[in-house]
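Let me begin by presenting the structure, written as structure tokens, before commenting on it.
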Amino acid sequence: MSELFNIIKGDIISITGAGGKTSLMFYLANQLKKRGTVLIATTTKIFKPESTENNSFIFIYPEEIDFISPQDNFIHIFCPKIENDKIDSASFEELNKFKNRFDFILIEADGSASKALKGWKNNEPVIYPASTKTIAIIDITALHKEKNENTIHRFDLFQKQYFNSNKTIEKNDYIGYINSNTFFKGTSNEKILFFNKIESIDLFEEFFNIVNKVNITSKIYFGSIFKNEFFSFKNITPIVLAAGFSKRFLGDKLNFKLVNGKTILEQTLLNISQINFKEKILIGKNSFHDELSHKYGYTYIINPNPEFGQSYSVILGTLNSSLSGYLFIPGDMPFLTKSTLLKLIYEFQKYNQIIVPFIDGNKKAPVLFPKRYRNELVKLKGDSGGREILKKENFIKCNFKNSLEFFDIDTQNDLKKLEMLEEQI
């Protein structure tokens with residue numbers, strides 16, 4: 001993770017927030033001690049750790065500061081005072097004495113009493129001014145729990161600062177909490193948000209729906225300290241391709257109505273909208289497509305040259321996307337589910353490679369491309385779409401079992417099969 005956060009020698013890192021600060025600090029210290037000398041300190045209070053076979057600590061006391069000789073492969077911990085088995089806060093003046101004597105300094109700069117959320121006092125967090133990075137911890141596991149003193153440190157203060165009428169902790173609480181920017185109060189250094197305890201697709205969905213509503217410009221990471229999983233967040237744009245001629249279908253298949261009264265295209269757009277994407281794009285060719293895009297919150301891009309083939313829609317979608325990945329979705333996928341989309345996105349976060357769904361060993365759509373393929377995508381021609389890129393590039397196979405989600409509607413016979421399948425749902 002130290003490489004992920006781009007931690008370099010000379011960095012002084014303050015850690016704020018709630019839900020894993022101490023764990024993250026010691027995790028990083030154990031990594032960094034292999035690369036140089038490491039000091040841990042706090043500007044609040046932390047429990048004094050015990051040395052174990054795997055963790056060797058050197059405790060530094062105020063009277064020893066001028067005589068300390070930092071050692072590799074050890075974690076040094078500054079103890080201004082120890083009371084009730086807790087290490088007391090270091091002053092900025094004391095930290096100044098260590099500034100040029102250690103390769104890495106890690107500072108716990110916030111207190112949360114082991115709760116998932118907190119209300120801040122006016123003097124919090126206590127971030128050392130010479131810090132080069134501030135990492136803010138967000139604990140995702142309090143979502144949907146009751147708002148009370150058991151889940152929120154300084155509950156009354158939290159309610160004053162982030163009040164809404166929810167009786168349980170919901171995404172709007174997290175969004176207000178993060179957008180307040182209190183984690184980084186008074187700092188001008190590099191800012192990092194780390195969402196901790198994301199250990200399942202369900203928790204990833206909660207994270208995804210929150211992160212696309214936050215307004216800060218910090219670098220964003222997520223994962224689990226406990227599981228040793230850390231990922232840089234890469235946002236993606238779903239790009240729905242709906243400008244084809246449906247030649248084999250002998251009509252406009254996207255305008256065909258399903259048994260629920262919605263057209264194939266509308267149902268596809270609705271399913272995608274179950275996820276809170278930061279941006280969504282629809283590439284179409286008529287006013288019907290334009291109306292649907294407004295109804296479901298898509299940016300509408302008209303394809304003025306649909307006769308150039310599907311690749312021209314891919315080019316238009318790529319050129320109009322501003323995020324880190326492009327998820328190309330045919331407009332005739334009305335049974336595509338939220339869980340399938342989230343699985344594709346989650347795999348992309350882990351590998352940052354092209355992600356291709358497979359059913360029984362066969363490639364299917366939609367396909368997710370990292371932004372680094374932008375130049376190749378905008379050079380495509382004809383009806384091949386991104387398939388030409390898949391022939392020469394490595395990709396990650398994402399296996400699925402429900403073939404209905406990936407059902408191709410190309411002909412009238414396919415439509416009859418579709419109607420039979422709908423009856424089974």
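The values are calculated or read from the model by the stated rules, or taken from the named source; none is laboratory data. Just so you know, these numbers come straight off a predicted model, no measurement behind them. Every residue, glycine as well, gets a Cβ built from its backbone with ideal geometry; the counts of neighbours run over all protein chains shown. The accessibility values were calculated without ligands, DNA or RNA, using every heavy atom of the protein model including side chains. Shrake-Rupley method; radii C 1.70, N 1.55, O 1.52, S 1.80 Å.
Please state which of the following conditions N172 fails to meet, knowing it meets all the rest: (1) surrounded by fewer than 20 Cβ atoms within 10 Å (Cβ to Cβ); (2) out of contact with any strand residue (DSSP E or B) (no Cβ under 8 Å at 6 or more places or on another chain); (3) touching a residue at least 40 places away in the same chain (Cβ under 8 Å).
So N172 meets the others, but not (3).
If the Cβ limit is 8 Å and pairs must be 6+ apart or interchain, which residue in region 385-408 that is within 16 Å of M333 (Cβ to Cβ) and in a helix (DSSP H, G or I) pairs with which residue that is among the charged types (D, E, K, R) and at pLDDT 85 or above?
S403/D360; F406/K364
Does any residue of region 115-128 turn out to be at pLDDT 95 or above, crowded, with 19+ Cβ neighbours inside 10 Å and charged (D, E, K, R)?
No, that holds for no residue.
Among (1) touching a helix residue (DSSP H, G or I) at 6+ places or on another chain (Cβ under 7 Å); (2) surrounded by fewer than 18 Cβ atoms within 10 Å (Cβ to Cβ), where does P357 come up short?
It is condition (2) that P357 fails.
In region 29-48, is there at least one residue being in contact with a helix residue (DSSP H, G or I) (Cβ under 8 Å, 6 or more places away or on another chain), modelled with pLDDT under 95 and aromatic (F, W, Y)?
yes
Would you call F207 more than 23 Å from Y300 (Cα to Cα) and either open to solvent by 30 Å² or more (accessible area, probe 1.4 Å) or touching a helix residue (DSSP H, G or I) at 6+ places or on another chain (Cβ under 7 Å) (or both)?
Taking the combined requirement at face value, the residue satisfies it.
Does I272 meet the test of being crowded, with 20+ Cβ neighbours inside 10 Å, in contact (Cβ under 8 Å) with a residue 60 or more places away in the chain, touching a Lys or Arg at 6+ places or on another chain (Cβ under 8 Å) and β-branched (V, I, T)?
yes
Within region 211-220, count every residue that is in contact (Cβ under 8 Å) with a residue 40 or more places away in the chain and either of a type in the set (G, A, S) or surrounded by 19 or more Cβ atoms within 10 Å (Cβ to Cβ) (or both).
1
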